[in-house]
1. At 7 Å along the Cα-to-beta-carbon direction for both V434 and D221, put a label point, then send me their distance in nm to one decimal.
2. Would you please give the residues with an amide H less than 5 Å from that of A328, counting only those at least 5 places away or on a separate chain, with H modeled from the backbone geometry?
3. Please state the charge dipole magnitude for region 525-572, taken about the Cα centre, from unit charges on C-beta atoms (+1 on K and R, -1 on D and E), reported in debye and rounded to the nearest 20.
4. How long is the chain along each principal axis, judged by its Cα atoms, biggest number first, in Å?
5. Given axes a ≥ b ≥ c from the Cα gyration tensor, I'd like to know whether region 359-517 is rounded (a/c under 1.5), prolate (a/b larger than b/c) or oblate.
6. Rounded to whole Hz and in sequence order, give me ³J(HN,Hα) for region 177-184 from the Karplus expression 6.51 cos²θ - 1.76 cosθ + 1.60, θ = phi - 60°, writing x for Gly and Pro.
7. Taking the Cα centre of each part, how many Å lie between region 57-77 and region 478-555?
8. Just need the relative contact order of region 273-348 here, percent rounded to a whole number, with Cα pairs under 8 Å and 6+ apart.
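The values are calculated or read from the model by the stated rules, or taken from the named source; none is laboratory data. Just so it is clear, the model here is predicted, and its values are computed rather than measured. Neighbour counts run over all protein chains shown; Cβ positions are idealised from the backbone, glycine included. For the accessible areas, the whole protein counts, side chains as well, though only heavy atoms, and no ligand, DNA or RNA atoms are used. Shrake-Rupley method; radii C 1.70, N 1.55, O 1.52, S 1.80 Å.
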Amino acid sequence: MTDPKTDPAATFAELNRLLLGNAAEKLGAAQALPDFPEMIKLFSAGAAADSERWLELHSRYYREQLSLWQAFMNPQDGQSSPPPPADRRFRAPEWQEPYYNYLAHSYLLSARWLEQLTATAKLDDHPRRKLDFFTRQMIDSMCPANFPWTNPEAIRLATETEGDSISRGLKNLAADIDRGLVSMTDETAFEVGRNLAITPGAVVFENDFMQLIQYAPQTADVHARPLVMIPPCINKYYILDLQPDNSFVRHAVGAGHTVFMVSWRNMPAEMGQATWDDYLEQGVMRALAVARDISGAEQVNALGFCVGGTLLASALAVLRARGENPAASLTLLTTMLDFSDTGELSVFIDEQYVAAREAEFAQGGLLHGRELARTFASLRANDLIWPYVVNNYLKGRTPEAFDLLYWNSDSTNLPGVMYKYYLRNTYLENQLRVPGALTMCGVPVDLGRVDMPAYLLAAREDHIVPWRTAYTSTALLGGPVRFVLAASGHIAGVINPAARNKRNYWTCDRLAPQSEAWLEGATSVPGSWWPHWSEWLDTHGGGRIPAPATPGNAKHQPIEPAPGRYVKDKNS
């Protein structure tokens, strides 16, 4: 490797070569780039559908680019350079220098041209979404801010540091290639069990699928019915127990609930044959049974988050089909039961993709957590990939410490057999919403038999579980439903501590046949939805009893302190 202090230009070139070479593939940034043959095919559909419009757009684009070039080359001819772009990527004063100002505006003209071209294509819904997605990925990836030789901020910093910033950038890039993900936060700032997932408790049960944590009470008496939380299995549970000031677990315990938390295992290779039914029986249903046994309550209050909610609703449907009724209430946070509109994830899901994954996992195997993390990042590449490429590699800086992004990178592996079942039967064929269409754990499932009172929370800007899709669950469940809409997205909409008094939520006592009609009749309430949910859940607490003095019982002795071993198992 060249010495940046003696040959910074060569080091700059080396960074550029890596970013344009195989580094993007190894980091997963390649998933943010479009499938070019597919994109050409879809673009061709636009040309065939409206050739006159294509010619008009091309002609206007070339005229605008020519005018921009002339203003740059001959400013003395009375053509002033355009003002600095409003785009946040070009806000730094370095972009106001004429050449870089030209680069930024030329890029933005090209971006608008591509967007207008794609709009001409006459396509069905799924191809349309794919084309829009591919186009956005291309636009985001080709921004001049993403490359060393066209980013004036990076060039200035390299000059001022005599190449040291590029040297640090290369080291950051090498470290991220080793881990297979673009770093989004300062990983040294956090540690599970030290400053994340530190609500006191104990692991009171474990098997090959999960550990069950029972949290220590913080009140003298507690609700008789415990609260069992089922988090998503594609990340670690501690999204619900981050730091003390934003821990949903701590909020629930402080409200007098005996909280049990499922901590899903980061699956090893030998668990690659585990099924969806195994997750229901050995995960959700076992957690409900152990919590009932320890608490002595006939029923629990159950909560599921994202795919954890899908698992929970499925498990309750199985139990109701067996004649059991273990849950007095159900809370679903940003959960899909009807998969008719899966938002931006739908661009990845079609028969060809699902069949390929089924063939890949025919004999088992693991879906590695990093693959899912990369996929989710690609949905917001201009927020979750490229800014960190610029900061970490072009500028050689360490990203800021942010607990949500630390958690986001702490992924878990899933059994391939379980994953392919989930893909086909929910995302592709949308069978869970159809009574009796699916058999789970030996019985046909019908969500209409899940008839306990339910609290459904969606997030208005959620791109993973669109809120209108989440709203359709109100017509699937058999009991009384309270629907609440939080501001913000999939995670920030849920993790919104009351003490911070941020954002707002919408509530309405009456449901409507359609989501938009519900929203029209809803009232906006400032602050967090957490107190609203706590008030609702109090009515299903089953009275108050003295808080348990110790975790577990004679049958289920404490195994180790929370947060347990499973949550600390990282992908290598």
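1. Roughly 5.1 nm, to one decimal.
2. Sorted by chain and number, the residues that satisfy this are V300, N301, A302.
3. 240 debye
4. If we take the Cα atoms of the chain, the spans are 84, 55, 51 Å.
5. Taking the square roots of the gyration eigenvalues as a ≥ b ≥ c, region 359-517 is oblate.
6. The phi angles translate into 5, 4, 8, x, 9, 6, 5, 10 Hz.
7. That distance is 55 Å.
8. 32 percent
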